[in-house]
Amino acid sequence: MENTELGSDELLNLVWEQVVDFSVADSNEVVLNQRFYPELSVAFDISEAQPLAWAFPKSDDDSLYKAASDFIHRMKKSGELDTLIERYYGHIEKFNYVGTRTYIKHVHKRLPEYQELFETAARQYEMDWRLLAAVGYQESHWNPGARSPTGVRGIMMLTLPTAEYLGVSDRIDPEQSISGGAQYLANLMKRIPQRIQDPDRTWLALAAYNVGLGHLEDARIITQIRGGNPDVWVDVKENLPLLSRSKWYSKTKHGYARGREPVHYVENIRSYYDILTWFDEQDKNVIAYPEQGSNVLKNALSPAL
C-alpha cells in the first residue's frame, strides 16, 4: 500500500496489526515504538547509521541558521540537551521483548482488577494513577501476595515499619497496600527540594522509594562534588552506582547501598508508565492486538482519564 499521509508511528502500527507485511522506518522510531509493539523486529538495515541533523535551504540570509546554531550551543552548554535526550531515550536503551510482552499481558489480565484502586489512591494523593500502577508493577507485577526475602510484602511491597507508619494493618490487602504506597510516594515527593521541577522531581522520588531518601541524598551530594547537577536525574543516576564503592560510600552519611538498583528501578517504571499511558490514550479505548496470528480487537484500559 502507498499512503504519503501516514507517519512512521502509524505505519509501524499497521505492521503490528498485520495490515501490511513490512515498512521502512528510522531506527530511532523503531526503538521508541518497540515498547508498544513488542513483536516488531528489524529484518535488516538498509543503510549505515546516519546522524540526525537539521537542513536549511540555501539563502543569502543565514540568520535562521545562526539562530539555530546558537540555540543548540545554548542547549548543550546548559545541559538541557542532555536532559531532553535522557527524558525521551534514557530509559529505553535496553529493549526486553519478553519483559514487555509479559507486561502487556498483565495490563490486560491483571490490571483491570486493581485499576480502580490505583485511580482512587492517585486522586487522594494527587498523582497520575498510571505512574502509581507502574510502580506497583515494578514492585510486585500486581501480585497482592508478593513477598521478598527481605520481608517486604504486597502489591506495593511495603516494609513492616513503613506499613505501620502509614497505618497499613494488612500489607497483602490490595486496597491498603496501594493506598499506603501512594501515601509513601507522595510523602517522598514532598521531601524532595521544592526547587526541583518535574519530571526530575518524580524520578528522584521514585529512586528514594527504592533505595531510601538518605541514600538518594548521599548520591546527590556525590553528584555535586563531581561537578554534576544534583537536581536533575540525568546527573544523579550516573552517580548512584558509586554508593556501592568504598571510595565513595565510606564518605557518606548513610553508607553502602546497591546504587545501580534504583537506576534500573526508575528506568523500568518510566517504560511501564509510557506503555500504560499509550494504551490509556488510544482512540475510543480500543487497540488492535494480534494474538496467535490473528487480528484480535481487545479493549484497552477503561475508563480513560
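Every read-out reported here was derived from the displayed coordinates using simple, explicitly stated rules and does not represent laboratory data. Owing to the predicted nature of the structure, the values given are computational and were not obtained by experimental measurement. We place every Cβ from the backbone using ideal geometry, glycine too, and count neighbours over all the protein chains shown.
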Scoring only Lys, Arg, Asp and Glu (+1, +1, -1, -1) among other residues with Cβ under 10 Å from the Cβ of Leu160 yields +1
In nanometres, the difference between 0.36 nm per residue of separation and the alpha-carbon distance of Asn28 and Glu10 is 5.0 nm
Square roots of five times the C-alpha gyration tensor eigenvalues of region 102-163, ordered largest first and given in whole Å, equal 19, 16, 8
At R0 = 22 Å the Cβ-Cβ FRET efficiency linking Asp45 and Gln18, nearest 0.05, sits at 0.45
Within the under-14-Å Cβ sphere about Asp45, not counting Asp45, Lys/Arg +1 and Asp/Glu -1 give a net charge of -3
Listing Phe279, Phe22, Phe44, Phe118 by rising number of other beta-carbon atoms within 10 angstrom, fewest first, gives Phe44, Phe22, Phe279, Phe118
Candidate cut points under GluC sites (Glu not before Pro) in region 126-204, DSSP loop plus at most 11 other Cβ atoms within 10 Å of their own Cβ, are Glu126
Magnitude of the Cβ-charge dipole (Lys and Arg +1, Asp and Glu -1) of region 120-203 about the Cα centre, nearest 20 debye, reported as 180
Between the modelled labels at Phe71 and Ser59 (7 Å from Cα along Cα→Cβ) the distance in nm is 1.3
Taking 237-243, 99-105, 75-81 and ranking on average Cβ neighbours within 10 Å, highest first, one gets 237-243, 99-105, 75-81
Expected sort for 251-257, 61-67, 50-56, 128-134 on mean C-beta neighbours within 10 Å, highest first, is 128-134, 251-257, 61-67, 50-56
Between Gln197 and Ser250, the two model label points (7 Å from Cα along the beta-carbon direction) sit apart by a distance in nm of 4.1
The answer for Leu158, listing residues at least 5 apart or on another chain whose modeled amide H is closer than 5 Å to its amide H, is Arg153
Note, Gly255: beta-carbon cut-off 14 Å, +1 each Lys/Arg, -1 each Asp/Glu, net +3
